[in-house]
Structure formats: structure tokens, C-alpha cells
């Protein structure tokens, strides 16, 4: 019974403390982290402008950022970079097929090797980079 009374007393004390919070503090805490940007606001300076072009990544840059995780370890059956035996049947299918598989996904390999922002050319360059290592 003593434990129940202590718990009830604690809840009443906490409730009283919360009720004493300044309303502005509570409203600030509940404020949405999102903001809206409309024409005429300073944040709208780039609305409607063409995006800044980003330089294409090289095959080795794409490989190191997206492909290496699986192709250096052989994860999920990925052929290891530099292992000619593992790549023979793939190379025999031709670059066009290998690039198509890399872009669209094949077996356990997800589409684009999970490099969602890679262009088709960057994927092709990454495949060529791996084939050049044979």
C-alpha cells in the first residue's frame, strides 16, 4: 500500500510540475520542424532554376562507393573483383548484358547495386572498371 501511495504522490507532483510550464515553452516544444518556402521568401531564391550540374563520377569512384562492399567480399554470391574464374561466364555474355544486369539488378544484386543516384553511364563505367581488373 505504501508503494501505491508513493507512486500516486509522484504522479501528482510530476503533473503539477508539468502544469506550471510556461505556455510558450510548451508551444515551442510542439512546433513543427518543417518549414514552408514560398515565392518572395529569401529561401525561394532557387525555385524554378535549373539544378547545378554535378560532374559524373568515374568507374572507380562508383565502384568504391557502391560496388566494393559486395564485390570485394563476394557477399550474396557477387563475383569478387579480380577473380577471373568467377567472371568468365559473365564476361562471355558481353558488356551490354553485364551493364543491363547491373542497371536492372540480377539474381541477388539489387538494381544499380543500390547506387540510386548513379547514371547508366556511371554504372557502365563501374562495370568496365571491374572487368579491367581481371
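Things worth noting here:
- Yes/no for residue 121 being exposed (fewer than 14 other Cβ atoms within 10 Å of the Cβ), more than 18 Å from the chain's Cα centre (by Cα) and closer than 23 Å to residue 54 by Cβ: yes
- Each residue in segment 52-75 was checked for being buried (at least 16 other Cβ atoms within 10 Å of the Cβ) and part of a loop (DSSP other than H, G, I, E, B), and 1 pass.
- Residues that are buried (at least 18 other Cβ atoms within 10 Å of the Cβ) and at pLDDT below 95 within segment 88-111 comprise just one, 109.
- Matching residues, segment 76-134, being in a helix (DSSP H, G or I), touching a strand residue (DSSP E or B) at 6+ places or on another chain (Cβ under 8 Å) and touching a residue at least 12 places away in the same chain (Cβ under 8 Å): 76, 102
The values are calculated or read from the model by the stated rules, or taken from the named source; none is laboratory data. All of these numbers come straight from a predicted model, not from anything done at the bench. Note that we place each Cβ from the backbone using ideal geometry, even for glycine, and neighbour counts take in every protein chain shown.
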